[in-house]
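Engineer: Following this message is one structure expressed as structure tokens.
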Amino acid sequence: MRSYRSYLLGRLPSALLVLLLASVLIFAILRLVPGDPAVTLAGPDASPETVAALRERLGLDGSPPAQYAAWLGSLVTGDLGPSYVVGGEVADLIGDGLGATAELTLGALLLTVLLGGALGILGATARRGWVRAAVRAFTTGALSVPPFVTGVLLVLLFSVTLGVLPPGGRVALLDAPDLGVQYLLLPALCLALPSAAVLGRYLGDGIERALTEDHVRTAVAAGIAPGRLLRRHVLPGALPPVVTLLGMQTGHLLGGAVLVEAIFAWPGLGQLAEQALTRRDYPVVQDLLLLLVAVFVLVQLLTDLAYAWLDPRIRGE
Amino acid sequence: MTDPHSFPPPSPYLSSSAETSAAPAAASAGPARRATLRAAGAGALFLGLGLTGCRSAVAEAERPAAAAGGTARGGTLRVAVNADFTPALLFAQSAQSYQHRLLYNTLTRYDDRLRPQPELATAWSYAKDGRSIRLTLRQGVTYHDGRPFTADDVIFAVRNLQNPVRAAQLRATAAAVTGFEKHGDHALTLRLAHPVANLFDLFEFMIIADRETVEDAVTGRKLNGTGPFTLSRWSPGTGLSLTRYDRYWKPGRPYLDAVELRVVGQADALVSALRTGQSHLSFNVPGKSLALVENAPGLTVTDYATGAGAYYLGVNTTVRPLDDRTVRQALARAVDRDRLLRQSLGGHGLASATPWPTSSPAYSEADRTHYTRDPGRARALLKSAGLGGLDLPLLHLSTPGDTSIAESIQYDLRQAGVRVTLEPTDPATAQKRLIAQSMPALWTMSHGFAQVHPATLAVSAYPFNEAKNTSHFRSPEYTRIVREAWTSTDDGTAAARARYARISRILLDEAFIIDLAVRGQVQVASTRVRGVTLNKFSYLNLDDARLV
């Protein structure tokens, strides 16, 4: 059986190739889209002379291969340089946005696990039929209502009507945890609901399947305590596919954050991406998209590792 | 009695446990309940941390200002903006220029009748030939870093705007300043290439930035001005935090301790921020959303009738049959400006066939209503041009507000026999096509610069530029009258009014830009807010603002 290290090394080349191909695609697509940073900087009342001067200043008059090489160079050296339009250093912009998005995504992930876990267990084990029906109805609703509707409804209820939570904005958790949590709750809940519903259904199905396994029946017959039964015999069988799903849902949460950040004025990567993309801020968009691809690749890699840890047979395949 | 449904009914485990032993079934209710309760407990803890924390985020946002000497002093004014500050556009008019007059000053400011009032320039006098102007500068003004403001800062400011990379729309006016003569530290003469009619537009527009840190300013690292507030922090994507400058040159001002400009890009979120009191002030509530705040308790809606630009229908005069001005006039007559104003702009603004707001010296009620909706006449004009019907593409920005305007135009033109195909386009692409003069037959966007001196529109707004514009419209008469208006300094005279009337007449007759509605700035504010004003370029002035 292979070690974790060789298992990891076996997956690295394909991950790097994905990143390289993604960089070429990102660069090419951005250049193929009409409009450039100089045009958006100059504004609708500007003259062509102003646009030409800006293009020269931003280095957009160089050949595309030279611009691509310069970008790769900046990635290798770690000096991402200044933003063209948004302002500030690209590394700072992405760092700040990443912190905010990570906070939102982790908050949503935590809620996904808590809510999805509770829904899954409740849906699979509740005594009363109406409880299971309610869980099914809730998960169906959470899956079918789009986040921009959920977000508006949450704001109307908790901010406008009840006035207990702020409708948007962010206070960093590290700066003021008590305020930060309140700013985080609504966007995290809005983002988490669909994922929690998926997770709950998946987990519920997994538990139901695990309950039919022979070793679980044997454990029940042996009179093992229910808590221990669930932890030691039912969940280990039900969790591996759920962990895989959670990895995929993390990607969806990152993607979904773009929309939720707009609804709640959450200054994360989604907001930054929207702002940079609409204004053709090449350095920000390029680095940001590549980072998102890298995060997705990393999450998939970690998911594979977690899967291999939960089921050692995977490493041997 | 044990409930047989303690584990799921479809499960064989359930049936076996229920049938063979009551004990496991009874016990099996435990893990389900406990696990669920644990999860719920953790969730409740997470929620409780927020809701019962030391402070309430909602209450924190509503801390009152202190009253002293009959005037409310202190407090933090929170302004919701729909776009972030763009430091690279510090010296250009952009979508978000509200912070300019908070951090900086200008030389003069216009009143509502476009009469210049002192700011950093306290007095001025033109030479008789109009080829120079002498400025007396305010003394005792310091930048936020303590350095005194002098005539050298004015010289730098003008030269800075002459640099094309600053993308200043008033660069042509700045470029007309060809020399400087200092008279000590607080007076100077600007020498001009020719008399410049819109020089005070430049003085209203041009912020006096610190010449020693200008490169830091255009990257947002340091914004050192003479304005009433200093920059505490700029968080890209989040907004700006400003604090009171204690050595501001206006005695006792500003009243506020701090100002926060928060980026709230989404319209619903912006409205929620205002309705919940999280933000006190905004100028970015879209027209269609204004109805939501007009009757909301604790909010007031105020129109700035002096205008901030205008929506227009652009016409490419090289596309047949739009090279025939009769056809263009037919389009101008087909549009229902009043309905567009009501439906797309929430009724705020002024339906108008000309670009001028009522405060402009070029404004005329007859010109404003020169084209009113008359589909019958539009069809007749098309017929006289030999056209029974027409198919035209219309490019518009893909934002909801602009799409609504485009759909309104599409409907109106269809009534006149013109079938329009909409081409939704993202703003960057649209701007590229505008500047590259590669627009399709029709496009709709908004333009600025009609709210100041009439000459500025044709000199600084590219769609109206007499030498090069997106409509490909050229006319010796238009060029002559625009040049004449720009190089004359006889404002207020009958001759000046006649020139402006001539410009309006050409715009109406040639219809290469068909104006639809003058848009004013619409201020939505908490009833606690007093003393807010904007300059003609939408720089927010909070010198006298307070929270009551």
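Engineer: Restricting the first residue to the range B:174-186 and requiring it to be more than 15 Å from B:Asp152 (Cβ to Cβ), which pairs with a second residue that is open to solvent by 50 Å² or more (accessible area, probe 1.4 Å) and outside any loop (DSSP other than H, G, I, E, B) meet a Cβ separation below 7 Å and a spacing of at least six or different chains?
Structural biologist: As it stands, the answer is B:Ala174/B:Gln162; B:Ala175/B:Gln162; B:Thr178/B:Arg191, since those pairs meet every condition given.
Engineer: Within the range A:203-222, does at least one residue satisfy the condition of being open to solvent by 10 Å² or more (accessible area, probe 1.4 Å), away from chain B (no Cβ under 11 Å) and basic (Lys, Arg)?
Structural biologist: No, that holds for no residue.
Engineer: Follow-up. Considering only residues that are part of a helix (DSSP H, G or I) and more than 19 Å from A:Gln271 (Cβ to Cβ), which ones fall in the range A:175-191?
Structural biologist: Those that are part of a helix (DSSP H, G or I) and more than 19 Å from A:Gln271 (Cβ to Cβ): A:Pro177, A:Asp178, A:Leu179, A:Val181, A:Gln182.
Engineer: Hey, another quick one. Criterion first (crowded, with 24+ Cβ neighbours inside 10 Å and either small (Gly, Ala, Ser) or within 12 Å of chain B (Cβ to nearest Cβ) (or both)) does A:Ala257 satisfy it?
Structural biologist: Answer is yes for this residue.
Engineer: Continuing with this model, one more query. Quick one: in the range A:148-164, of everything that is aliphatic (A, V, I, L, M) and more than 7 Å from every other protein chain (Cβ to nearest Cβ), which residue is nearest to B:Ala296 (Cα to Cα)?
Structural biologist: A:Leu156
Engineer: Taking into account only those residues within the range B:455-482 that are touching a strand residue (DSSP E or B) at 6+ places or on another chain (Cβ under 9 Å) and among the aromatic types (Phe, Trp, Tyr), which is surrounded by the fewest Cβ atoms within 10 Å (Cβ to Cβ)?
Structural biologist: So the residue we want is B:Tyr462.
Engineer: Kindly provide the set of residues from the range B:138-168 that are within 16 Å of B:Asn198 (Cβ to Cβ) and either open to solvent by 20 Å² or more (accessible area, probe 1.4 Å) or touching a strand residue (DSSP E or B) at 6+ places or on another chain (Cβ under 8 Å) (or both), ordered by number.
Structural biologist: B:Val158, B:Gln162 - these are the residues of the range B:138-168 that are within 16 Å of B:Asn198 (Cβ to Cβ) and either open to solvent by 20 Å² or more (accessible area, probe 1.4 Å) or touching a strand residue (DSSP E or B) at 6+ places or on another chain (Cβ under 8 Å) (or both).
Engineer: Follow-up question, since we're still on this one. Which residue, of B:Leu120, B:Leu107, B:Leu90, B:Leu135, is open to solvent by less than 20 Å² (accessible area, probe 1.4 Å), farther than 18 Å from B:Phe449 by Cβ and within 14 Å of chain A (Cβ to nearest Cβ)?
Structural biologist: Exactly one residue qualifies, and that residue is B:Leu90.
Engineer: Hey, another quick one. If you go through the range A:53-85 one residue at a time, how many are polar (S, T, N, Q) and open to solvent by 30 Å² or more (accessible area, probe 1.4 Å)?
Structural biologist: Residues meeting the conditions: 3.
Engineer: Give me the residue from the range B:229-262 that is of a type in the set (D, E, K, R), in contact (Cβ under 8 Å) with a residue 60 or more places away in the chain and not in a strand (DSSP E or B) and, out of that set, farthest from A:Leu98 (Cα to Cα).
Structural biologist: The qualifying residue farthest from A:Leu98 (Cα to Cα) is B:Lys250.
Engineer: Scan the range B:196-213 for residues that are assigned to a loop (DSSP other than H, G, I, E, B) and within 17 Å of B:Val452 (Cβ to Cβ) and report the count.
Structural biologist: Going through the range B:196-213 one residue at a time, the tally reaches 4.
Engineer: Among all residue pairs at least 6 apart or on different chains, which show Cβ distances below 7 Å where the first residue, located in the range B:424-451, is more than 9 Å from chain A (Cβ to nearest Cβ) and the second is basic (Lys, Arg) and surrounded by fewer than 24 Cβ atoms within 10 Å (Cβ to Cβ)?
Structural biologist: Between residues of the range B:424-451 that are more than 9 Å from chain A (Cβ to nearest Cβ) and residues that are basic (Lys, Arg) and surrounded by fewer than 24 Cβ atoms within 10 Å (Cβ to Cβ), the close pairs are B:Met439/B:Arg433.
Engineer: From the set of residues in the range B:431-445 that are touching a Ser or Thr at 6+ places or on another chain (Cβ under 6 Å) and among the hydrophobic types (A, V, I, L, M, F, W, C), which is modelled with the highest pLDDT?
Structural biologist: Ranking the qualifying residues of the range B:431-445, first place goes to B:Met439.
Engineer: Does A:Arg170 count as among the charged types (D, E, K, R), part of a loop (DSSP other than H, G, I, E, B) and at pLDDT 85 or above?
Structural biologist: yes
The values are calculated or read from the model by the stated rules, or taken from the named source; none is laboratory data. Computed from a predicted structure; not experimentally measured. In this analysis, Cβ positions are derived from the backbone assuming ideal geometry, glycine residues included, and neighbour counts consider all displayed protein chains. Quick note on the areas: whole protein, heavy atoms, side chains included, nothing else; ligands and nucleic acids left out. Shrake-Rupley method; radii C 1.70, N 1.55, O 1.52, S 1.80 Å.
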